[in-house]
Amino acid sequence: MNPAPVRLGVIGAGWFASRRHCPDIRKHPEAVLTALCRRDAAELHKMAAHFSVDHCFADYRELLHSGLVDGVVICSPHHLHYEHALAALEAGLHVLLEKPIAVRPEEGRRLAALAAEKERVLLVAQNPPYWSHCRYLKEQFQEGIIGEVESAHIHWVGSALGVMGLEPLPADLPGVVRPSLFRQDPAQNGGGYLIDGGSHLLCELLWCTGLRVTEISAQMDDPAWDRRAALVARLNNNGLATLSSIADSRIQAKRQHALYCGSAGTASVRGFPFELTLSSGKEVVRRREEELPPSPAPVENFIDCVLGRDQPALDNDLAVHIVEVIQAAYTSAQTGKAVRI
């Protein structure tokens, strides 16, 4: 007998949810989208009409206690992640939470502890665990093909000026509704681009290698609301890593490069689209993203976790550590000093 579908509601039913999570819920055979929550009534009903959802809420607490959901997907502005996820876990619901887990590490630790206490799934959606080339790269590290990381370098260049409210958004931007532009407020965003798109770079480094950061130094154009950031990280194996994010490039197309130099080999990643090159001894292997086994989307991983078939691709301890490192980077950029973690 097939189990009843997992009933999901979305808190922060906006632009990103309309592009990624809502469509994924609708097409999943074991999930059903039962409720949406957003404060803007007109945009909320536009979302409901598009995704054929009957139950709409302006107050997330009413959704949580409606009896209509087994779990929630939280896509609200970053500074509300803790409040919304805490209330959902306290209500006994499973939570799929957009990154970051919270804007302060202590809030993330509280969420992780509460999820464990309540025996509820808490899954944080960062990109690398759901990219095929990152999964392949992680496997190479786990199997010792690259050896111990001696240095790593990850760099992203693109333009996020539209979603940061610094230039008009394209009229043909994909999505059912327009972005809310909360990123233009550093208090709502938790900082600038580093805590937003830049967090994926840090996630790739740490999730793929299994390492952690022990000390960080950072330079930024504006430590309160960065568009440009460069980090030097000391890793817990005494390796060194550099990361940079440039979110105000005059070229709109995203450019990303990563280089991992290990004691037994070298891996490089070029995007977009992604292509991975692995050199170990005399062998050189190249893999394009589309050539690798497909990875689950966050919703698919979440449903499998709720049904007891899998574990979250991103461990909550690492989700918290990413925020720890980011906040330490902001402190370093403000003080001009290295910060130990």
Find all pairs meeting these conditions: Cβ atoms under 8 angstrom apart; at least six residues apart or on different chains; first residue within segment 238-262 and within 23 Å of Ile195 (Cβ to Cβ) and basic (Lys, Arg); second residue modelled with pLDDT under 95 and surrounded by fewer than 17 Cβ atoms within 10 Å (Cβ to Cβ). Lys254/Gly271; Lys254/Phe272; Arg255/Gly271; Arg255/Phe272
Those residues of segment 20-49 which are surrounded by 14 or more Cβ atoms within 10 Å (Cβ to Cβ), over 18 Å from Leu80 (Cβ atoms) and not aliphatic (A, V, I, L, M), in sequence order: Arg20, Cys22, Pro23, Asp24, Arg26, His28, Glu30, Thr34, His45, Lys46
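Considering only segment 67-88, state which residues are over 20 Å from the mean Cα position of the chain (by Cα) and at negative phi.
Listed by number, the residues that qualify are Leu68, Val69, Asp70, Ala87.
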Candidate set: segment 311-341, residues that are assigned to a loop (DSSP other than H, G, I, E, B) and more than 19 Å from the chain's Cα centre (by Cα); chosen: the one surrounded by the most Cβ atoms within 10 Å (Cβ to Cβ): Ile341
Determine the pairs where a residue that is in the same structural domain as Leu33 (by TED's automatic domain parsing), located within segment 48-72, has a partner that is among the aromatic types (Phe, Trp, Tyr) and buried (at least 18 other Cβ atoms within 10 Å of the Cβ) with Cβ atoms under 8 Å apart, the partner being 6 or more residues away or on another chain. Leu63/Phe57; Ser66/Phe57; Gly71/Phe302
Go through the residues of segment 242-253 one by one and say whether even a single one is among the basic types (Lys, Arg) and within 23 Å of the chain's Cα centre (by Cα). no
Going residue by residue through segment 269-280, is there one that turns out to be modelled with pLDDT of 95 or more and over 22 Å from Ser151 (Cβ atoms)? no
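Would you tally the residues in segment 168-184 being surrounded by fewer than 24 Cβ atoms within 10 Å (Cβ to Cβ) and in contact with a helix residue (DSSP H, G or I) (Cβ under 9 Å, 6 or more places away or on another chain)?
So the count comes out to 9.
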Scanning for something assigned by TED's automatic domain parsing to the domain that holds Ile303 and free of Cβ contacts under 8 Å to residues at least 40 places away in the same chain, does segment 96-118 turn up at least one residue? no
Filter result (buried (at least 21 other Cβ atoms within 10 Å of the Cβ) and assigned to a loop (DSSP other than H, G, I, E, B)) within segment 132-151: Ile146
Residues in segment 89-115 that are under 19 Å from the mean Cα position of the chain (by Cα) and in a helix (DSSP H, G or I): how many? 9
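Against the definition (out of contact with any strand residue (DSSP E or B) (no Cβ under 7 Å at 6 or more places or on another chain) and closer than 23 Å to Gln327 by Cβ), how does Arg104 come out, yes or no? Steps first, answer last, please.
Values: out of contact with any strand residue (DSSP E or B) (no Cβ under 7 Å at 6 or more places or on another chain): yes; closer than 23 Å to Gln327 by Cβ: yes.
The answer is yes for Arg104.
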Qualifying residue in segment 92-110 (condition: crowded, with 18+ Cβ neighbours inside 10 Å, in contact with a Gly (Cβ under 6 Å, 6 or more places away or on another chain), within 23 Å of Pro312 (Cα to Cα) and among the small types (Gly, Ala, Ser)): yes
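The values are calculated or read from the model by the stated rules, or taken from the named source; none is laboratory data. It should be emphasised that the depicted structure is a prediction, and the values quoted were computed from it without experimental measurement. We place every Cβ from the backbone using ideal geometry, glycine too, and count neighbours over all the protein chains shown.
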